[in-house]
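Colleague: One structure coming up, written as structure tokens, with questions to follow.
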Amino acid sequence: MIQKPRGTIDILPDESPVWRFIEDTARKVASNYGYGEIRFPTFEATELFMRGVGNDTDVVQKEMYTFYDRDNRSLTLRPEGTACVARSVIENSLYADSMPLRLYYLSSCFRYEKPQAGRSREFYQFGAELFGAATAVADAEIISLADAIIRNIGIKSVSLHINTLGCSDCRPRYHSRLKEYYKLNISNLCETCRDRLETNPLRILDCKNNDCVKLREGVPKTIDFLCDDCGEHFEILKRTLTKIGIDYRINTNIVRGLDYYTRTVFEFISDDIGAQGTLCGGGRYDGLIEAIGGPSTTGIGFAMGITRLILALKSSDNNIKSKYNENPLLYIASLGETASVHAVSLAEKLRAGGIFAECDIIGRSLKAQMKYADKKGAAFTLILGDNEIESGKAQLKNMRDGSQTPVDINDTDILRRLLGYDK
């Protein structure tokens, strides 16, 4: 038997309604904030991620799916979405439009990581990006958008963690102090972080090795090394979040895993789904557009994992499959060949009117049809026999309470109302 590649998932029909609910909710909320959808290729030039994400990051060094095409060009399956959006903004001159530029996307991404709950090698994200707004109020807007999506999905027990990484003026001082701290404790660093100490010491703060995690207790904090502008930016962000009613925690260990971040970084963390509790992560990346060949343009954004959102939603609501299922199913059972043909015709008329309808197409007995309807979770059933076809009347049965209502089987408008489609 051929099986799916390790680290990938099948999204089966009984799970799809929840996925669509989350995706549709995210789209609707983003649209209310003025964000428009953007779509981009599944693979990009490898150089985009080396320059945009950072050549020294784990994503580029260890996790990318990179291959050469027949013209010997190095291409990579997208490991994240922000660099792809930034490339599209440059290539299509979207930066020339009126600013700010608000964009969102839904896409699959690919990273070679150890599969575990909430983490796979092909994973699905909703992301939002805001270009051309350098203010802390813009940071608050993007955080507010993520918060609104999570709330509208119905996920509970989530906390917002924020930090600031400073800018190109004040970050070097922090890097210097960070190196001093870790050099004093170099024997306790993992081998990977010993290499990071020279290339990018911030990455050590993102390491999951137990020994490296223990060292965080005494690590210098970014907020103690901010220049005046970055300090004021962070203060305005905190005041704005308080003003719009979003609670937050300052977490100086948040650095995110990509090199393009500057100043504000943040994560929404669930208390209910274990180690992979980060539902959403993002931050400001004011130098990204310029780093990959575009004009100097500020940016901030986030990405949230759909799988993790579903895990968190399940922890909040054990009945999500039925809650987010499609419109109620009407099952049309039939007795005999003539009724079977009539049932198919009626189902077609109802489907054309937007009603979710099924009928028997494999010749089951009436008993087997009703068992099938129950298994499918049909909300209503109609039974058609010779008498019903001749009279044009049948009994519409509500499968939840057992009540029956006589209906004209040729009047689809009445059926729509009785089935609740006109609410």
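The values are calculated or read from the model by the stated rules, or taken from the named source; none is laboratory data. Predicted model, so just to flag it, every value in this text is computed and none were measured. So basically every Cβ, Gly included, is an ideal-geometry build from the backbone, and we count neighbours across all protein chains shown.
Colleague: Right, Thr46: in the same structural domain as Glu290 (by TED's automatic domain parsing) and free of Cβ contacts under 8 Å to residues at least 40 places away in the same chain or not?
Modeller: Judged against the criteria, Thr46 is a match.
Colleague: Those residues that are acidic (Asp, Glu), in a strand (DSSP E or B) and surrounded by fewer than 19 Cβ atoms within 10 Å (Cβ to Cβ), I need them from the range 14-52; list them, please.
Modeller: Of everything in the range 14-52, just one residue is acidic (Asp, Glu), in a strand (DSSP E or B) and surrounded by fewer than 19 Cβ atoms within 10 Å (Cβ to Cβ), namely Glu37.
Colleague: Are there strands (runs of 3 or more DSSP E) fully within the range 323-416 with at least 1 residues that are in contact with a strand residue (DSSP E or B) (Cβ under 9 Å, 6 or more places away or on another chain), closer than 30 Å to Ile22 by Cα and not assigned by TED's automatic domain parsing to the domain that holds Ile153? List them.
Modeller: Result: 330-334, 357-359, 380-384, 393-398.
Colleague: Follow-up question, since we're still on this one. Any chance the range 222-235 includes a residue that's in a loop (DSSP other than H, G, I, E, B) and buried (at least 18 other Cβ atoms within 10 Å of the Cβ)?
Modeller: Taking every residue of the range 222-235 in turn, at least one turns out to be in a loop (DSSP other than H, G, I, E, B) and buried (at least 18 other Cβ atoms within 10 Å of the Cβ).
Colleague: Of all the residues that make up the range 161-181, how many are touching a strand residue (DSSP E or B) at 6+ places or on another chain (Cβ under 9 Å) and either outside the structural domain of Glu232 (by TED's automatic domain parsing) or surrounded by fewer than 20 Cβ atoms within 10 Å (Cβ to Cβ) (or both)?
Modeller: The total comes to 1.
Colleague: Does the range 88-108 include one or more residues that are of a type in the set (Val, Ile, Thr) and within 20 Å of Gly305 (Cα to Cα)?
Modeller: The answer is no; no qualifying residue exists.
Colleague: Determine if the range 150-166 includes at least one residue that is touching a Cys at 6+ places or on another chain (Cβ under 7 Å) and at positive phi.
Modeller: Taking every residue of the range 150-166 in turn, at least one turns out to be touching a Cys at 6+ places or on another chain (Cβ under 7 Å) and at positive phi.
Colleague: Among the residues of the range 251-260, is there at least one that is closer than 30 Å to Ser316 by Cβ and not in a loop (DSSP other than H, G, I, E, B)?
Modeller: No - not one qualifying residue is present in the range 251-260.
Colleague: Cβ-Cβ below 7 Å, separation at least six or inter-chain, first residue in the range 158-173 and among the charged types (D, E, K, R), second part of a loop (DSSP other than H, G, I, E, B): which pairs?
Modeller: Between residues of the range 158-173 that are among the charged types (D, E, K, R) and residues that are part of a loop (DSSP other than H, G, I, E, B), the close pairs are Asp169/Cys227; Arg171/Leu165; Arg173/Phe225.
Colleague: Here is a follow-up. Six or more apart or on different chains, Cβ under 9 Å: which pairs go from a residue in the range 187-210 that's on the phi > 0 side of the Ramachandran plot and at pLDDT below 80 to one that's surrounded by 14 or more Cβ atoms within 10 Å (Cβ to Cβ) and not basic (Lys, Arg)? Could you list them?
Modeller: none
Colleague: So, one more: Can you find, within the range 53-74, the residue that is nearest to Arg203 (Cα to Cα) among those that are in a loop (DSSP other than H, G, I, E, B) and out of contact with any Phe, Trp or Tyr (no Cβ under 8 Å at 6 or more places or on another chain)?
Modeller: Thr57
Colleague: Going by what's in this entry, would Asn152 be described as touching a Leu at 6+ places or on another chain (Cβ under 7 Å) and either in contact (Cβ under 8 Å) with a residue 12 or more places away in the chain or not hydroxyl-bearing (Ser, Thr, Tyr) (or both)?
Modeller: No: the conditions fail for Asn152.
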